[in-house]
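The values are calculated or read from the model by the stated rules, or taken from the named source; none is laboratory data. Note that this is a predicted model, so its numbers are computed, not measured. Here the Cβ is made from the backbone with ideal geometry for all residues, glycine too, and neighbour counts use every protein chain on show.
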Ligand code: PMP
């Protein structure tokens, strides 16, 4: 088996569809994971500060999750929903209790895209309308509808997006797209949604991430979602929250919507629910679920193995209080980042909640994607894997497994400080020009 990076890149170029890309000029070959750490073929240890894009919230190869899944593989792997098997229904009970509130009906699928597609279908069935509103900077998946509702040009590959999709400004006050100032704006971005609802009488729902992930870790201002929900409900439209990325303890609460004071009409979850096993779901209230009665099935969605793993994931989150851990460790990390940003003009903004944090690299409003790549490479060479997001691919992104320790994060800050010390006020990539 080739474990040499050059051999793997060659295989990749020879056999993969070329849309797949990887991080790093000198990529490590990852061979093993253990809680918050990854190990490469040369035996080097890395702190994984991206958690496989916030999938591994409960840690890599965590035996509390892998052991029940292995036991399930040995007992019963697959049935489909045409036969009764226990794990799926136990998971539905446990997941809806974990979410709390009124979202007590659920449908299991395999991926975030599929969960969102299901939520959109349900919105159409419930309202009898075809249209959707989405936000600039949002990402919702790779299917025709979810890609059409993705507001990041980089991920909008389909040249023929479906009809009835309308885009609204995103609520990012520090860089307001409507050139307003929070406090005197009257929530102009919500008013823009109201205008779209009036203009197009056919809107079934608005889909949004409570905190945009790929869009660059964007936290809307207080009061935004309350107003948005009211405006949608007045027009008979639903609010769908995509928590594929920000769910499961990441932001310091079990779900990011719990910071907003409101509950969505439909919630989608994926990634960290399976902690590496493919499982996702859309969840809603009984009254909305009642609109979906025509037969629906997902062949492997919520199969016994993925369901057993997800049950163990929820158990682990609860027993280890991972959301509380994210709130505490994330609060501390954010303060350290804020201190690092002082006197460093290339750090335009520090943002996020819990252990979902972003550091935007820009000078005078110009994004610095090359510097971002350089920082990622330097951090990797020091044993830290961090992510990048943002419309300009210029937001250093920190989303480690929630089992990370204070010492790990101290070491990450020391390394980041060392790397950033080499960057001048103009944000030029050190050693290039
Ligand atoms: N929604 C959000 C917010 C995401 O971040 C992603 C994936 N990055 C998706 C949907 C799509 O999920 P999947 O890749 O599992 O289809």
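Given the criterion buried (at least 19 other Cβ atoms within 10 Å of the Cβ) and away from the ligand (no atom under 16 Å from the Cβ), identify the matching residue among 87, 130, 63.
Working: 130 fails: buried (at least 19 other Cβ atoms within 10 Å of the Cβ); 63 fails: buried (at least 19 other Cβ atoms within 10 Å of the Cβ).
From the options 87, 130, 63, the qualifying one is 87.
If I filter region 324-333 for residues that are within 20 Å of the chain's Cα centre (by Cα), in contact (Cβ under 8 Å) with a residue 24 or more places away in the chain and within 13 Å of the ligand (Cβ to nearest atom), do I get at least one hit? The answer is no, given that none of the residues of region 324-333 is within 20 Å of the chain's Cα centre (by Cα), in contact (Cβ under 8 Å) with a residue 24 or more places away in the chain and within 13 Å of the ligand (Cβ to nearest atom). For region 66-88, the criterion of being under 21 Å from residue 412 (Cβ atoms), in a loop (DSSP other than H, G, I, E, B) and in contact (Cβ under 8 Å) with a residue 24 or more places away in the chain is satisfied by no residue at all. Residues considered: 244, 240. Of these, the only one that is closer than 25 Å to residue 190 by Cα, under 18 Å from the mean Cα position of the chain (by Cα) and part of a loop (DSSP other than H, G, I, E, B) is 244. All but one of (1) within 14 Å of residue 392 (Cβ to Cβ); (2) touching a helix residue (DSSP H, G or I) at 6+ places or on another chain (Cβ under 9 Å); (3) surrounded by fewer than 20 Cβ atoms within 10 Å (Cβ to Cβ) hold for residue 373, so report the exception by its number. Answer for residue 373: the failing condition is (2). Among the residues of region 162-178, is any assigned to a helix (DSSP H, G or I), modelled with pLDDT of 95 or more, touching a helix residue (DSSP H, G or I) at 6+ places or on another chain (Cβ under 8 Å) and assigned by TED's automatic domain parsing to the domain that holds residue 274? No, the conditions are met nowhere in region 162-178. Number of residues in region 236-248 that are away from the ligand (no atom under 16 Å from the Cβ) and either buried (at least 20 other Cβ atoms within 10 Å of the Cβ) or not assigned by TED's automatic domain parsing to the domain that holds residue 213 (or both) equals 2. Kindly provide the set of residues from region 277-322 that are within 16 Å of the ligand (Cβ to nearest atom) and either part of a strand (DSSP E or B) or touching a helix residue (DSSP H, G or I) at 6+ places or on another chain (Cβ under 7 Å) (or both), ordered by number. Of everything in region 277-322, those that are within 16 Å of the ligand (Cβ to nearest atom) and either part of a strand (DSSP E or B) or touching a helix residue (DSSP H, G or I) at 6+ places or on another chain (Cβ under 7 Å) (or both) turn out to be 277, 278, 279, 280, 281, 282, 283, 302, 309, 310, 313. Among the conditions (1) within 16 Å of the ligand (Cβ to nearest atom); (2) without any contact (Cβ under 8 Å) to a residue 40 or more places away in the chain; (3) within 20 Å of residue 299 (Cβ to Cβ), residue 108 misses just one, which is (2). Against the numbered list (1) within 22 Å of residue 205 (Cβ to Cβ); (2) within 16 Å of the ligand (Cβ to nearest atom); (3) assigned to a helix (DSSP H, G or I), residue 137 comes up short only at (3).
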